[in-house]
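Every number here is computed from the coordinates shown, using simple stated rules; none is lab data. All values derive from a computational prediction rather than experimental measurement. For neighbour counting, all protein chains shown are included, and Cβ atoms are generated from backbone atoms with ideal geometry for every residue, glycine included.
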Amino acid sequence: MELFRREGYPATSWRRLIEAAGTPWGSAYHHFPGGKEELGVAAIELGSRVVTKTVERAFEKHERTEDAIRWWFGKAAQALAADDYRGGCPLATITLEMAHASEKLTEAARQAFATWHELVVKNLRERGHPDPGDLAIAIMNNLEGALLLSRIHRSPDALDRAAEHVIAIIQR
């Protein structure tokens, strides 16, 4: 997941993946007989679980939606800075690079984003927000765009501003 996120799917060779995992070639092919594409799907699924846990934690820890959003976007900023602004969303790079080329990777990403959307909608609905589906899309769009801008500018500023923009939408 980390290699695909930082270096991109096409630029990450199967050899590089095996070396980074520290596993024998035979073991890698045994667990991932579909090769790099199957490993890519597994990386997307892992990234999805990581984000899902973060979203769940944000809403569990904070009674107010505004505080959950600030915490979630803040955690994203912390993770990005800790990775020297090389990371970001665990799905973005692989999705942008491969949506046109691999139906399996595209479907895995589609399912991951749908899972996140459903989770955010559920939490917003439980808190009584009108139009939770549209609000969830606004939250996710702001987060994804802000991750990209924060990565480019090597600063958490875009994430901080995006959180405040989402909060302004929530408070309308």
Residue that is surrounded by the most Cβ atoms within 10 Å (Cβ to Cβ), among those in segment 123-151 that are charged (D, E, K, R) and closer than 15 Å to residue 55 by Cβ
144
Looking at (1) exposed (fewer than 14 other Cβ atoms within 10 Å of the Cβ); (2) under 14 Å from the mean Cα position of the chain (by Cα); (3) of a type in the set (A, V, I, L, M, F, W, C), find the lone condition where residue 108 falls short.
(1)
When you scan segment 96-110, do you find a residue that is polar (S, T, N, Q), in contact (Cβ under 8 Å) with a residue 12 or more places away in the chain and under 24 Å from residue 75 (Cβ atoms), even just one?
no
The number of residues in segment 18-73 that are touching a residue at least 60 places away in the same chain (Cβ under 8 Å), touching an Asp or Glu at 6+ places or on another chain (Cβ under 9 Å) and farther than 17 Å from residue 124 by Cα is 1
Could you list, in sequence order, all residues of segment 79-119 that are touching a Pro at 6+ places or on another chain (Cβ under 8 Å) and under 18 Å from residue 142 (Cβ atoms)?
80
Could you tell me whether segment 65-82 includes any residue that is surrounded by 14 or more Cβ atoms within 10 Å (Cβ to Cβ), under 19 Å from residue 9 (Cα atoms) and of a type outside the set (A, V, I, L, M)?
no
How many residues are of a type in the set (D, E, K, R) and touching a Phe, Trp or Tyr at 6+ places or on another chain (Cβ under 7 Å) when one looks only at segment 51-84?
1
Just checking, which of 145, 88 is small (Gly, Ala, Ser) and either touching a Leu at 6+ places or on another chain (Cβ under 7 Å) or farther than 30 Å from residue 37 by Cβ (or both)?
88
Condition met for residue 106 (under 30 Å from residue 34 (Cβ atoms), touching a Gly at 6+ places or on another chain (Cβ under 7 Å), among the polar types (S, T, N, Q) and assigned to a helix (DSSP H, G or I))
no
Just to check your reading of the model, which residue among 117, 129 is part of a helix (DSSP H, G or I) and in contact with a helix residue (DSSP H, G or I) (Cβ under 6 Å, 6 or more places away or on another chain)?
117
Pairs with Cβ under 8 Å, 6+ apart, first in segment 115-131 and more than 15 Å from residue 66 (Cα to Cα), second among the β-branched types (Val, Ile, Thr) and assigned to a helix (DSSP H, G or I):
115/52; 116/51; 116/52; 116/55; 117/137; 119/52; 119/55
